[in-house]
Amino acid sequence: QVHLVESGGGLVQPGGSLRLSCAASGNIFSIYFMAWYRQAPGKQRELVASVISDGGTNYTEPVKGRFAISRDNAKNTVHLQMNSLKPEDTAIYYCNQYLQISAHMPPSDYWGPGTQVTVSS
């Protein structure tokens, strides 16, 4: 089985920074897509940032210029550097990886359990 585990969440003051990490473990043949989602209380889950296998990245408009997604292919890990944090960034952040466990199996989505990010004075 493939498991994703997030780390790096916590409580930070407005304007502060956090770095989230998500490591995938298990039998992994190839990772095609990595992403971070978030869900705030009373809100829909939204895509925050994503990175594809060639390194191309995309961000939702509210975080552009403040967040940066990166990947470490050797460690099957994706990071999210979060700077200039705002109270509206408060949410549970979820790691998503679209990966293939074998050359003979189609790829599928895997999710981590989430990590809480709270931005407050």
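The values are calculated or read from the model by the stated rules, or taken from the named source; none is laboratory data. All values reported here derive from a predicted model rather than from experimental measurement. So basically every Cβ, Gly included, is an ideal-geometry build from the backbone, and we count neighbours across all protein chains shown. Ligands, DNA and RNA are stripped out before the accessible areas are found, and what is left, the full protein with its side chains, is counted by its heavy atoms. Shrake-Rupley method; radii C 1.70, N 1.55, O 1.52, S 1.80 Å.
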Taking the solvent-accessible surface of protein heavy atoms with a 1.4 Å probe, what is the per residue accessible area of the chain in Å²? 53 Å²
Whole-Hz ³J(HN,Hα) from phi, Karplus 6.51 cos²θ - 1.76 cosθ + 1.60, for the range 99-115, glycine and proline x: 9, 10, 8, 7, 5, 9, 10, x, x, 8, 7, 10, 10, x, x, x, 9
Whole-Hz ³J(HN,Hα) for each residue in the range 39-53, computed from phi via Karplus 6.51 cos²θ - 1.76 cosθ + 1.60 with θ = phi - 60°, x for glycine and proline: what do you get? 9, 8, x, x, 10, 6, 5, 10, 6, 9, 7, 8, 9, 9, 5
Using a probe of 1.4 angstrom, how much of the accessible area of the chain is carbon and sulfur, in percent? 50 percent
Extended-chain gain in nm, criterion 0.36 nm per residue less alpha-carbon gap, R66 and S25: 11.9 nm
Based on Cβ point charges of +1 for Lys and Arg and -1 for Asp and Glu, what charge dipole magnitude is obtained for the chain about its Cα centre, in debye rounded to the nearest 20? 160 debye
Theoretical gain in end-to-end length, F33 to E88 [0.36 nm per residue, Cα-Cα removed]: 17.2 nm
Please compute the contact order of the range 1-91 in relative form: average sequence separation of alpha-carbon pairs under 8 Å and at least six residues apart, divided by the residue count, as a percent. 32 percent
Using a Förster distance of 35 angstrom, determine the FRET efficiency expected from the C-beta separation of A40 and A74, and round it to 0.05. 0.60
May I ask for log10 I(q)/I(0) of the chain at q = 0.23 Å⁻¹, from a Debye sum over the Cα atoms as equal point scatterers with solvent left out? -1.33
Among the trypsin sites (Lys or Arg not before Pro) in the range 1-91, which ones are in a DSSP loop with at most 11 other Cβ atoms within 10 Å of the Cβ? Mind listing them? K43, K64
Can you work out the Karplus-derived ³J(HN,Hα) for every residue in the range 22-29? Use 6.51 cos²θ - 1.76 cosθ + 1.60 with θ = phi - 60°, whole Hz, and x for glycine or proline. 9, 10, 9, 10, x, 7, 10, 8
Among V2, I52, T115, which residue has its Cα furthest toward the positive end of the charge dipole of the chain, with +1 on Lys/Arg Cβ and -1 on Asp/Glu Cβ? T115
